[in-house]
1. Quick check on this structure: which one of A247, A294, A270 is among the aliphatic types (A, V, I, L, M), surrounded by fewer than 19 Cβ atoms within 10 Å (Cβ to Cβ) and either farther than 30 Å from A587 by Cα or in contact with a helix residue (DSSP H, G or I) (Cβ under 8 Å, 6 or more places away or on another chain) (or both)?
2. Return the only residue of L46, L101, L89 being surrounded by 14 or more Cβ atoms within 10 Å (Cβ to Cβ) and modelled with pLDDT under 90.
3. Checking the structure you have, find out if any residue of segment 183-205 is within 22 Å of the chain's Cα centre (by Cα), closer than 30 Å to T508 by Cα, of a type in the set (S, T, N, Q) and part of a helix (DSSP H, G or I).
4. Is there any pair linking a residue in segment 208-237 that is of a type outside the set (D, E, K, R) to one that is modelled with pLDDT under 95 and open to solvent by 50 Å² or more (accessible area, probe 1.4 Å), with Cβ under 9 Å and at least six apart or on different chains, and which?
5. Please go through segment 104-127 and pick out each residue that is buried (at least 19 other Cβ atoms within 10 Å of the Cβ) and part of a loop (DSSP other than H, G, I, E, B).
6. How many residues are among the basic types (K, R), touching a residue at least 60 places away in the same chain (Cβ under 8 Å) and closer than 23 Å to L154 by Cβ if we restrict to segment 75-124?
7. Please enumerate the residues belonging to segment 319-342 that are in contact (Cβ under 8 Å) with a residue 24 or more places away in the chain and of a type in the set (K, R).
Amino acid sequence: MTGHWRALSFGFLVLGLACGTPPTSPATGPGAAGTATEKRARTGALPPNEENHDDAAIARAGQDFLDLVVEVSPEMATALGLHKNDGELDVRTIVGHDKALEREDAMLQSLKERFKTPRASAAAKTDLAMLIGALEVDIRTKRVQRPLQRQPDLYASPLGAIFLMTARDYAPAKERARNVVLRLEKIPKVVEAAKANLLNPPRVWTEVGIDRASSAKLFLEDQRPFLTKALPEEGARVDAALKSAEAAYEDFHKFLQKEVLPRSNGRFSAGRELFEFLLRNDYFLEENADDLLAMGKKIFAETNAQMTEVAKRVDPKAKGWPDVVKRLKGHHPTAEGLLAAYRTEVSRARAFLVEKDAVEFPPGDDLDVIDTPPFMRSTVTAAYDQPPPFDPTTKGFFFVTPVDPKLPKAKQEEMLRENDHGDLVDTAVHEAYPGHHLQLSFARRNPSLVRKALDHAIFSEGWALYSEELMAELGYYTDEERLMQLEWTLVRAARVVIDVGLHVGDMTFEQGVKMLTDDVHLERQLALSEVKRYTLTPTQPLAYLTGRQMIFKLRERVRARDGAKFSLKKFHTDVLSRATVPPSLTAREIFGSAP
């Protein structure tokens with residue numbers, strides 16, 4: 001189980017951005033219940049006056065920021081729901097990359113100068129803080145990590161944009177298909193850029209790039225029926241475009257294996273300086289890496305003890321929870337029934353929440369549970385991909401990675417054992433209800449352009465893990481299901497330890513895998529996939545547990561304030577309606593100070 005998929009920057013690691021024209025008024029309907037005053041409090045849509053006269057200027061700065069994003073990354077624009085450049089691909093030359101960074105830096109300095117002492121509402125100050133943080137994080141990350149030289153999988157990212165164009169009905173099929181063909185025809189130049197740019201990536205990053213390049217042909221052939229049906233009069237061009245793209249990625253695959261892999265001796269660790277910079281400027285945390293490491297270790301021990309207690313209820317004769325978990329993992333669907341099993345659990349979780357009246361459901365709450373696209377399968381087991389915030393469609397995709405029939409039977413069984421019944425139940429909660437899908441269904445309705453634009457894992461992943469524990473509080477799980485849910489809490493605690501260890505300490509890749517197999521008892525195939533992802537996304541793995549703890553702390557602070565009037569449902573609506581905002585900034589809006 002992994003978190004939601006769309007975690008993007010200007011082609012790199014950190015931000016989730018969106019662009020377009022914001023609604024002219026706060027959302028209405030079942031997802032926005034309450035008085036007008038409550039709505040304004042939730043969304044930050046406060047009336048202008050002398051004390052917040054900078055609100056409009058901050059909103060314009062957000063639009064300028066998004067306009068720049070659209071210019072420098074047409075692929076991101078597609079993912080975000082702005083489609084005027086759908087026939088273009090990102091420029092992947094070093095010169096083009098550096099020019100884009102210069103423009104970002106100029107915008108950052110202008111914002112800092114213009115808003116030294118902003119007279120703005122609390123909500124607008126949050127927007128400004130997130131906007132400045134987004135620029136600072138993107139600039140620093142790229143200058144330190146040099147992604148075009150070190151991250152081979154970036155050259156497979158056009159596949160993600162193409163997937164969105166064929167999977168989502170935001171425009172007539174013919175229009176989308178023509179733009180897909182235009183992009184396919186440009187893929188050979190992407191591979192040319194990769195050959196010119198790539199130097200000495202970390203070995204594990206090259207291996208991820210090889211996996212994605214090798215899956216490109218299968219993915220591209222999957223697009224052929226859509227393209228030929230939408231463009232029946234252009235069959236020869238469609239065929240030529242697909243063949244050229246497939247040949248380019250086959251060439252890229254060989255290039256990575258023969259030339260890049262032997263020289264892939266770079267370090268993947270971010271280092272303490274960058275890691276703690278991300279904690280401060282992306283997550284707005286006061287804690288440093290050592291503080292979070294201590295928290296992760298503490299909750300790992302506490303969760304271990306909880307699992308022992310629950311396992312005794314399941315099987316009093318068992319030696320310990322690992323034995324019980326090992327047995328329960330054998331209770332899994334067949335490979336052919338995997339997708340249907342996830343669909344059943346998603347529906348059950350939603351129905352339970354309706355019965356308990358614990359959360360609201362915004363209008364347009366659409367979700368499809370589908371197979372993970374082939375090019376993503378090397379690092380994704382299950383994940384949520386949100387609808388672009390400014391596309392007319394509201395449908396989210398819950399990806400489930402199918403079992404590869406070409407794998408040896410033992411490997412297939414490994415994958416199925418990580419999709420046992422308890423894991424299915426918990427994954428549906430985390431990814432769908434009340435996890436990512438519900439949270440992002442609220443976020444897309446917030447009227448603030450900046451809040452639509454920015455996606456902070458400290459809240460999105462924190463909320464999804466909070467959702468798991470919330471369902472336990474509401475009595476959703478059987479003991480068997482609770483045990484498997486706690487195992488994933490243990491994974492999230494281990495992620496904190498591994499994240500800090502890989503990027504700040506001296507933990508090796510194999511040591512990270514060993515912790516997940518030996519201490520958490522994940523199957524090795526899944527553990528490998530997990531740690532590959534951790535190496536690429538410093539601070540993202542620790543966001544789950546850290547964010548959950550911050551949301552619980554905020555909930556208790558609101559409960560103490562409201563006393564007998566405290567409403568769990570109202571708290572959830574208030575927090576979710578503010579969009580994907582770091583909890584410390586949400587607390588500042590609610591109370592005037594962080595928790």
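The values are calculated or read from the model by the stated rules, or taken from the named source; none is laboratory data. These figures come from a predicted structure and were not determined experimentally. For neighbour counting, all protein chains shown are included, and Cβ atoms are generated from backbone atoms with ideal geometry for every residue, glycine included. Please note that ligands, DNA and RNA were not included when accessible areas were found on the heavy atoms of the full protein model with its side chains. Shrake-Rupley method; radii C 1.70, N 1.55, O 1.52, S 1.80 Å.
1. A247
2. The unique qualifying residue is L46.
3. From segment 183-205, those within 22 Å of the chain's Cα centre (by Cα) are 204-205; that's our starting set.
Then keep just the ones that are closer than 30 Å to T508 by Cα; that gives 204-205.
This time we only want the ones that are of a type in the set (S, T, N, Q), so: none.
No, every residue in segment 183-205 fails to be within 22 Å of the chain's Cα centre (by Cα), closer than 30 Å to T508 by Cα, of a type in the set (S, T, N, Q) and part of a helix (DSSP H, G or I).
4. Here the result reads S215/R377, each pair linking segment 208-237 to a residue that is modelled with pLDDT under 95 and open to solvent by 50 Å² or more (accessible area, probe 1.4 Å).
5. Within segment 104-127, F115, A120, S121 meet the criteria.
6. 1
7. Scanning segment 319-342 gives K326, K329.
One line per residue, one yes/no per condition, for (1) aliphatic (A, V, I, L, M); (2) open to solvent by 10 Å² or more (accessible area, probe 1.4 Å):
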site	(1), (2)
P447	no, yes
A453	yes, no
A464	yes, no
E468	no, no
T478	no, yes
